[in-house]
Amino acid sequence: MADTLVPPSDAPAPFVMHRRIGFGIIIGLVCGAVAIGVAQLVAGIVDPGSSPIIAVGRAAIDATPEWLKSFAIRTFGENDKAVLLGGIGAVLTAVAALIGIAAVRRPNAGYVGLAIFGLIGAIAALTRPGAGAIDALPSVLGAVAGASMLWLFVRALSARPAAQHAEPDRPTPKGIDRRRFFLTAAAGAATAVVAGGAGRAIARRFDANASRAAVHIPSPTVSSAPPAGADLDVPGLSSFITSNADFYRVDTALLVPAVKAEDWQLRIHGMVERELTLTFDQLMARPLIERDITLACVSNEVGGEYVGNARWLGTPVKDLLDEAGVDTAADQVVSRSIDGFTAGTPTTVLMDGRDAMLAIAMNGEPLPIEHGFPVRMVVPGLYGYVSATKWIVELELTTFGSFDAYWVKRGWAEQAPIKTQSRIDTPSSGTRVSAGTVAVAGVAWAQHRGIQAVELRVDGGQWMPSELSVEDTVDTWRQWLVKWNATPGEHELQVRATDRMGEVQAEEHAPPFPDGATGYHTVVVQVR
């Protein structure tokens with residue numbers, strides 16, 4: 001094997017250095033693309049979650065400090081995972097280029113770099129919940145493919161172009177066979193594209209869309225429609241029911257789990273008298289309730305959009321726990337997702353009669369896959385990180401003293417009742433409005449306590465009572481409206497809510513960490 005891939009040249013030193021770097025970048029990018037493409041192909045056969053990009057991304061999410069997670073959610077919202085994948089792609093591109101540059105001078109350095117790539121991916125895949133030895137295969141074979149591509153480059157760059165009609169007493173020209181090099185690069189790029197595309201096509205067999213389309217939602221045993229007047233129908237005001245397409249999504253799933261209804265099972269175990277295992281059909285055959293319930297994410301900033309109200313259909317969790325026979329010492333129910341996420345819910349909350357359910361439908365259709373199909377948990381009154389587990393497969397009865405769930409391990413509060421909050425939807429901050437009567441409207445929520453009053457004040461003045469929509473239940477938000485007599489100039493609007501326990505929304509501003517944000521939502525408008 002040659003000690004260096006790019007042979008010496010009679011050209012000036014800066015030119016030679018630039019040529020080495022250029023060839024090295026091409027080598028690194030092509031070898032890296034082949035490694036990723038083949039890894040994606042193998043992952044499509046084995047399990048899409050074993051892809052090194054997804055596995056490393058998931059490991060990165062788990063290892064990311066809390067402050068950085070919160071920053072990502074605040075800054076990028078529901079695009080945080082796309083940004084993470086883009087960041088991983090950028091890092092891999094840079095690392096691949098560096099490996100290629102190093103390989104120009106020392107081919108063995110390239111082989112070592114690719115081996116490290118495979119090792120990192122394999123370790124990340126093997127540490128996923130429920131992973132087996134086969135999950136390391138995509139990263140290992142991807143690294144082998146990348147190393148094979150590097151070997152082809154070594155051969156291409158070690159070749160010398162033959163001198164045509166050279167005289168016996170003249171030396172063979174120095175340089176490389178550029179034609180062979182670029183043909184090798186083109187072949188490698190084509191291999192990467194074909195392998196990656198084939199991997200995506202093969203992975204479609206894991207898709208759960210066909211399973212979801214085949215689900216026929218049964219009629220609820222108990223249902224209640226929202227009362228007339230629950231929606232004030234004000235332009236710019238959030239609708240009483242949030243559509244599935246507009247409902248917020250915050251979770252740790254880098255790759256949305258594809259769980260087929262026909263394969264799904266729920267295991268109830270731990271500190272119970274008898275373990276239970278239910279299939280999806282068995283769950284649908286149970287008595288089902290349909291309820292409007294507002295969910296909120298603990299990472300929601302004051303005035304934020306990580307809150308929504310939907311109509312959920314499911315079976316009461318309490319009924320299942322009663323059948324299992326809960327040990328009186330079990331103060332925590334740990335719900336587990338198929339991707340290993342855990343949430344810890346107080347047992348007393350699930351047993352106190354509220355409409356906590358294992359939901360199978362959302363707004364009259366099977367759960368959207370990104371919202372937990374085929375089954376998720378919905379618990380009124382608690383932030384999602386301690387209750388709203390998607391793609392749920394386990395309920396384990398245990399104690400808070402013996403187990404910390406996913407976000408609790410990362411410093412978030414163990415107990416997380418939703419705080420009384422309100423938001424101004426219209427007019428939004430920075431809006432210009434005409435003087436005269438202006439409709440100021442929004443939503444307020446205090447799940448499982450209910451909203452008693454909402455007030456608005458302008459420029460720090462007296463609080464003005466609002467008109468409230470008709471209450472559906474204490475588990476849903478309420479819309480509010482104030483008809484404000486706006487005068488010209490810049491004005492600051494603030495809102496606060498009072499729940500049915502008499503608790504007034506906290507004025508002091510606090511960030512979401514560790515148990516939910518507080519403070520008055522404030523907007524500034526220009527009146528002309």
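The values are calculated or read from the model by the stated rules, or taken from the named source; none is laboratory data. Note that the structure is predicted; figures quoted are calculated from it, not measured. Virtual Cβ from ideal backbone geometry, glycine too; neighbours counted across all protein chains shown. For the accessible areas, the whole protein counts, side chains as well, though only heavy atoms, and no ligand, DNA or RNA atoms are used. Shrake-Rupley method; radii C 1.70, N 1.55, O 1.52, S 1.80 Å.
For segment 308-458, the alpha-carbon coordinates run over 62, 34, 29 Å along the three principal axes, in decreasing order. Counting every pair of alpha carbons in segment 191-320, the share spaced more than 25 Å apart comes to 50 percent. Size check on segment 343-404: the Cα extents along the three principal axes, sorted descending, read 38, 22, 17 Å. Treating each Cα of segment 419-504 as an identical point scatterer and summing with the Debye formula, the log10 of I(q)/I(0) at q = 0.15, 0.22, 0.24 Å⁻¹ comes to -0.53, -0.99, -1.13.
Taking each DSSP H run with n ≥ 4 as -39500 (n - 2.57) and averaging over every residue of the chain yields -11000 deg cm²/dmol at 222 nm.
Note that segment 378-479 shows a convex hull volume over its alpha carbon atoms of 178 Å³ per residue. For the chain, the longest principal axis of the alpha carbon atoms and the long axis of helix 178-203 meet at an angle near 30°. For segment 488-528, list log₁₀ I(q)/I(0) at each q in 0.14, 0.26, 0.29, 0.35 Å⁻¹, using the Debye formula over Cα point scatterers of equal strength and ignoring solvent, two decimals each. For segment 488-528 at q = 0.14, 0.26, 0.29, 0.35 Å⁻¹, log10 I(q)/I(0) is -0.45, -0.90, -0.98, -1.10. Projecting the Cα positions of A261, P138, I360 onto the charge dipole of the chain (unit charges on Cβ atoms of Lys, Arg, Asp and Glu, taken about the Cα centre) puts P138 furthest along the positive direction. Could you work out what % of the accessible surface of the chain is carbon and sulfur, using a 1.4 angstrom probe and leaving DNA, RNA and ligands out of the count? Carbon and sulfur together cover 58 percent of it.
Pair-distance distribution P(r) for segment 14-114, from all Cα-Cα distances in 10 Å bins starting at 0: 15, 34, 29, 18, 4 percent.
Using the Cα centre of segment 454-528 as the reference point, and only Cβ charges (+1 on K/R, -1 on D/E), how large is the resulting charge dipole? Debye, rounded to the nearest 20.
340
Spherically averaged projected area of the convex hull of Cα atoms, the chain: 32.1 nm². When the listed pairs K390/K483; K69/K390; K81/K260; K81/K483; K69/K483; K69/K419 are checked against a 29 Å cut-off, the alpha-carbon distance exceeds it for K390/K483; K81/K483; K69/K483.
Measuring r between the beta carbons of M351 and F403 and using R0 = 22 Å, the FRET efficiency lands at 0.75. What separates the Cα centres of segment 466-528 and segment 255-331 is a distance of 31 Å.
Over the chain, what is the mean sequence separation of C-alpha contacts under 8 Å (at least six apart), divided by residue count, expressed as relative contact order in percent?
Answer for the chain is 13 percent.
Counting only protein heavy atoms and a 1.4 Å probe, the chain has 44 square angstrom of accessible area per residue.
Of the residues Q526, G436, A230, the one whose Cα sits farthest towards the positive end of the charge dipole of the chain is Q526 (charges of +1 on Lys and Arg Cβ, -1 on Asp and Glu Cβ, taken about the Cα centre). Indicate the gyration tensor shape class of segment 80-157 (rounded, prolate or oblate), computed on the Cα atoms with a ≥ b ≥ c the square roots of the eigenvalues: a/c under 1.5 is rounded; otherwise a/b larger than b/c is prolate and the rest oblate. It is oblate, given that a/c is not under 1.5 and a/b is not larger than b/c.
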